[in-house]
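For reference, the structure discussed in these notes is given below.
The values are calculated or read from the model by the stated rules, or taken from the named source; none is laboratory data. Quick caveat: nothing in here was measured; it's all calculated off a predicted structure. Cβ sites come from the backbone with ideal geometry, for glycine too, and all protein chains shown count toward neighbours.
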Ligand SMILES: Cc1cc2nc3c(=O)[nH]c(=O)nc-3n(C[C@H](O)[C@H](O)[C@H](O)COP(=O)(O)O)c2cc1C
């Protein structure tokens, strides 16, 4: 690791930083001076939790492949597009490029011990499905199979593979959704039923069991609330001392 040791730079710190942080040591880093492996470890420990695209695809000899990718997000709704990133060139990337089709499956925590083995560096002729005890289910609209055990599978058609730095961003359109009723509430997948797992740094994962709600405010609502608080403070009078 080439990270510089913690330094206390209280005087140089920008104004407005949280006073709790200002009181403690802070590490200031120029990414250009951080070794690539350390930078990878750092970024993947900061951008957390990451959802996991469990990507299934078909290899050159018809071998079904599945591998987790946690550099994964929604990119657009109309048309529905998702993106995942291959860190370097891997079987999944090769298969997606060759066939133009793949499936993004989402696993609940009950499947965590099957997601993990599918990340091993299997040779292309070896199917992760068999090793992880998974069933390759034929898809409706793409040649790649879905993971039958996964509660959510999204059939994807490749739009673009965009090289970015030392990685490859795979952009695809969702052409079919297969959703287990067991994870649905109304028109949505319910997080408490899906119980998706997320990746943190290294071999640490998180559950999505501890949920809480916050209603998104409007600006007008916030102004009203602030006026209400100020009114309440005025009514209470000056703070008592002693
Ligand atoms: C939870 C988890 C998330 C991962 N995320 C990514 C990722 O976003 N991109 C990537 O290239 N590899 C990622 N990996 C590593 C790949 O799954 C691993 O290299 C796998 O062997 C690739 O399989 P393939 O060669 O069949 O495509 C991840 C591994 C785990 C366990």
*Odd one out for residue 125, checked against (1) under 23 Å from residue 88 (Cα atoms); (2) modelled with pLDDT under 95; (3) outside any loop (DSSP other than H, G, I, E, B)*: (3)
_Matching entry among 136, 132 (being touching a helix residue (DSSP H, G or I) at 6+ places or on another chain (Cβ under 6 Å), within 23 Å of residue 176 (Cα to Cα) and more than 9 Å from the ligand (Cβ to nearest atom))_ = 136
_Can you find, within segment 182-227, the residue that is nearest to residue 110 (Cα to Cα) among those that are within 16 Å of the ligand (Cβ to nearest atom) and part of a loop (DSSP other than H, G, I, E, B)?_
195
*asked:* Considering only residues that are more than 7 Å from the ligand (Cβ to nearest atom), in a strand (DSSP E or B), without any contact (Cβ under 8 Å) to a residue 60 or more places away in the chain and closer than 18 Å to residue 122 by Cβ, which ones fall in segment 54-89?
replied: 55
*Tell me which residues, restricted to segment 94-110, are within 11 Å of the ligand (Cβ to nearest atom) and crowded, with 17+ Cβ neighbours inside 10 Å.*
95, 96, 102, 107
*Condition check for residue 122: over 20 Å from residue 62 (Cα atoms), surrounded by 18 or more Cβ atoms within 10 Å (Cβ to Cβ) and within 10 Å of the ligand (Cβ to nearest atom)*: no
*asked:* Among the residues in segment 111-119, are any surrounded by 17 or more Cβ atoms within 10 Å (Cβ to Cβ), touching a helix residue (DSSP H, G or I) at 6+ places or on another chain (Cβ under 6 Å) and in a loop (DSSP other than H, G, I, E, B)?
replied: no
